[in-house]
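The values are calculated or read from the model by the stated rules, or taken from the named source; none is laboratory data. Note that the structure is a prediction, hence the values are computed from the model and not measured. So basically every Cβ, Gly included, is an ideal-geometry build from the backbone, and we count neighbours across all protein chains shown. Accessible surface is based on the protein model in full, side chains and every heavy atom, while ligands, DNA and RNA are left aside. Shrake-Rupley method; radii C 1.70, N 1.55, O 1.52, S 1.80 Å.
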Amino acid sequence: MTALLKKRALAEYTQVLETAPKPIKKLKLTKKPTQASASVYVGLLESSKTSNDALQLLLRISDTLQFKEDIPVIVKKLADHFNQQNESAVRVKILSLFCSIGALPGADAVYIIDHTMKLIKRDTSHKVIAQGLLTMLKLSENLSPADTLLVKIYNIAKVYLKDTNHWAKRICLRIIGHLRLGENVRVVSDYIHSQDARVRSAALDTLVLLHENGEKLDVSMYGDACEALNDDYEIVRAAALKIVCLIGNTYPEKLIKVGKSNEEIRLIDDAFGKICQAVNDLCMQVRHRAMQLLGTMVDVCPSFLNQTLDKKLMSNMRKKKSLHERSSEIVTSGEWSTGKKWSDDAPKELLNKDEINVVSSGACGAFVHGLEDEFMEVRSASVDALCNLALHHPEFSLLSLDFLVDMFNDEIEAVRIKAIDSLTSMSRHILLREHQLETVLGALEDFSIDVREGLHRMLAACHLSTKDCLQMCVEKLLENLKKYPQDKKSTWRCVKEIGSKHSEITLPLVPQLLSIHPFFDTPEPDVEDPHYITLLILVFNAAQHCPTMLQLFEEHTVKHYSYLRVTLPSLVPPLKLAESAEFIEPTTTEAGAQLLWRLVDSLSGCGARVQEEVIHRCLPQLARLAQIDSAIAGPAQFISLFISCQMSLGKILNDNLWCCNVSTTIQGNTVKHNIAQLLTLCLKLQYLFVGLEKVEMAAVKQFQLKALALHLVYIVRASNLSALALCEHFLNRVELTQKYLMDHQILPDEFCKGVFDTMGSMDDTKPGAVARCLLPLLSTAVRIQPPKPSINVRMCRAVLTGPSSSPDAPIKFTAGLVMAVPIDAEIFGLQDPSSLRIRIHYPDHQIHNCVPSANHLRPTALISGLEDRRNEADYRLLTKALVSHGVWTEACYVEISLCIELSDCELAHRSHYGIDTYLELCKPLRLHVVPKPVKRGI
């Protein structure tokens, strides 16, 4: 009995009870109610008791602006409420609503402007009148130029110009400047002497607008504009500067008198001197405006230009009198002083400086003051103005060279870069001396890579005066390359241009640069050394213009030339050396293209077994052809990838068990992996190539449809997964592909034609029925001929460089903290810069995809040979990859690479296809990293 009870107890405790699964609780997502229509708030205006309530309702209307009623009815209701309100703030808000309503689609601007005119006609509030005028100004932009309502608006603006409120006057002046009806200049010029500084400034700005739109200002207004330069308010002085500059550039040869004397100078010179004087203004905005305007006055006399670089008044800027005039003044003045007038016997040297100076003394050294200003905005504008004037006056560029070189030491990086770029654009007029070059080369120590590369471009564009300058430049570049190895490519491009421009002064330096001794053999340098390559690039580019230099080369130099000519063809020119290795240089792209098309044609017209062998032999040749000739690398890579897709598809279909639910997991995983690889290759065809034409894109879409059909059949027949979402996505792709082919009038291939016919006649679109129809079409699918893309096709790729590391010298950082790894990448053929990502792969298979900062990605000049592909931009990425992880025991690899993220359409189905949603652009950069444990203090 005891045994029975024990057995029964054990049975009860070991019994497994199967409970029914609890129903999943469904979440009911209620749609948030939309905002009430603004018409409701308009109706509530009638019942508002106070002006504060009405103002709150008007604010809600302006936030909503969704009307169920007609807009004219809403405007009529608001106008009625306008007449009932005594508070000016409410009336101003109603007129502001008129402006917002008029911008809505379907609004009648004429109807709203008519109501606005009637409302402000009876109003006495200055704020209401000003808001009404502003509403009419903004709504008039939607009217046609021939509309008669514009004349009414113009006349109303002229009437309200007599208003005492400055805001109303300013808006009236803006209306006159925008509509330009009648004699506008005469009307507006009466207000440049207004009592209110804001009205004076608005009048001057309106005159500028009229002048720029064709109504030229008369030269008689020059005097009034010069008087406005001495105004007490900076907004008036800044506006007057623009008027003075416009009149000076419009009438440059007009002669005017200087001060109270009879001396006459050109109007452009006098205006230039007046604007130079504004460089000493107390307001930064005025100084900035003055510097911007100086750069536009390119017709100024060279003597006035030279005076801006010297703070002392030059002798040629003083008025001079002849000997006869000086003698006549002595005779007419009398020998003795009568004593009736104060200081009538003063010596002739004590004269007023303004009476003898052609230009104001405050204008002397204008650019010196501008370049020494405390605000970077003024210094930056000064550099731009100095560069623009120097480009039009070669003599002035020589004088301004020292001042621009001094700006290389500015404390602000943007100013330094602008000075470097300015000197680069002036390079054709200047010749660098030793003292100037020393200052320029000192800026190579700058930590900013933008400054250093800008200096490399400037040195490549400039001309050096002596052999010592060239030697100093080369030594400094080599020293800089040792300190900043990442500047290698920029330095090589720099010495290439220096060598080709200075072949005469490079010749005596060749024995010293290449360590050539007349009696002894020197050791052979390492051809992989960047410093030695820099010297070779300089010498080889100089040798193409100096045949005498070729006789100085030693045997190992000739061998190194052959090596560099192959590895760096864009930096090393072709030279006729007797002992150099002979190799075929591609002369034209047509030869490479013909070879490429011949390889494509060889894939057709043969049996299946022969074709398979031809394809296996063709792929290495296509890869080698892409490496040899960069001009046809894009088409070769596209054809190679397309053939690889077909081979992967054929490999899957040749497996008899690919669509069966096999018992072995290994075989099932192999088929699944091959299908995922095929889908990834199709995505590369679609997203990594730029410049594909309609025929090539149609071939890609049709092949991608075939891959999706293969995947759908595999999921339905060989797995237990749900295929509803996959089937829906496949049918959607069928519809899009068919529409694309019909829009571009392209005939589908046999597989797609069968799919279109089958899917069009099917009533049941469940996954099982669709898979049963697709299976025979896939079994009979034949390999199609690869398309012949255009030569302009490019494959998106990247070249990534970064710090070097090894297992013996790994990079160390504290675990848990962030380490910034500087990377420099050149990206070619990137269609969408916003899709670029930085991928960091850790040893424990964690993957982080980071979005680089937008200002770290900069467009670069296209490489040589791609001048006809300017619509596809290349980029350079200078950024830092942020690495962070926990502690691990020994040095392990962290891989950093660049990739692009797929579109939202592809991302939505990534879980169904099991493929990576990022396409890598380059080989990963492998770094040995050791996170150190945190040291805890005692």
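So the values come out like this:
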| quantity | calculated |
| --- | --- |
| The range 738-851 - accessible surface per residue (Å², probe 1.4 Å) | 53 |
| Overall form of the range 38-253 per C-alpha gyration tensor (a/c, 1.5; a/b vs b/c) | prolate |
| Neighbour net charge for Leu464 - beta-carbon separation under 10 angstrom, K R +1, D E -1 | +1 |
| Computed FRET value (nearest 0.05) for Glu215 with Met117, which takes r as the C-beta separation and R₀ as 22 Å | 0.25 |
| Net charge, Ala228 excluded, C-beta distance under 10 Å - Lys, Arg +1, Asp, Glu -1 | -1 |
| Charge sum, other residues only, whose C-beta stays under 12 Å from Phe272's C-beta, Lys/Arg counted +1 and Asp/Glu -1 | -1 |
| Over 18 Å (Cα to Cα) - which of Lys467/Lys559; Lys672/Lys706; Lys76/Lys118; Lys483/Lys559; Lys93/Lys118; Lys418/Lys488 fall in this group | Lys467/Lys559; Lys483/Lys559; Lys418/Lys488 |
| J(HN,Hα) series, the range 96-107, from Karplus relation 6.51 cos²θ - 1.76 cosθ + 1.60, nearest Hz, glycine and proline x | 5, 5, 4, 5, 5, 5, x, 7, 6, x, x, 7 |
| Accessible area in square angstrom per residue, the range 38-253, 1.4 angstrom probe | 48 |
| Accessible carbon and sulfur surface of the range 38-253 relative to its total accessible area, %, 1.4 Å | 48 |
| Student exercise, the range 589-779 dipole from Lys, Arg, Asp, Glu Cβ charges, in Debye to nearest 20 | 440 |
| Rounded percent of accessible protein surface that carbon and sulfur make up, the range 589-779, 1.4 Å probe | 53 |
| Estimated FRET transfer efficiency (Leu568, Val695; beta-carbon r; R0 30 Å; 0.05) | 0.25 |
| Among Ala854, Cys752, Leu882 - extreme Cα towards positive end, dipole of the range 733-888, charges at beta-carbon | Leu882 |
| Added length on full extension, which subtracts the Cα-Cα distance from 0.36 nm per residue, Asp63 to Thr124 | 19.1 nm |
| Ranked by how many other beta carbons lie within 10 Å on average, peptides 123-135, 922-934 from highest | 123-135, 922-934 |
| The range 387-546, accessible area per residue, ligands and nucleic acids excluded (1.4 Å, Å²) | 44 |
| Lys, Arg +1 and Asp, Glu -1 on Cβ, resulting dipole of the range 57-180 about Cα centre, debye, nearest 20 | 480 |
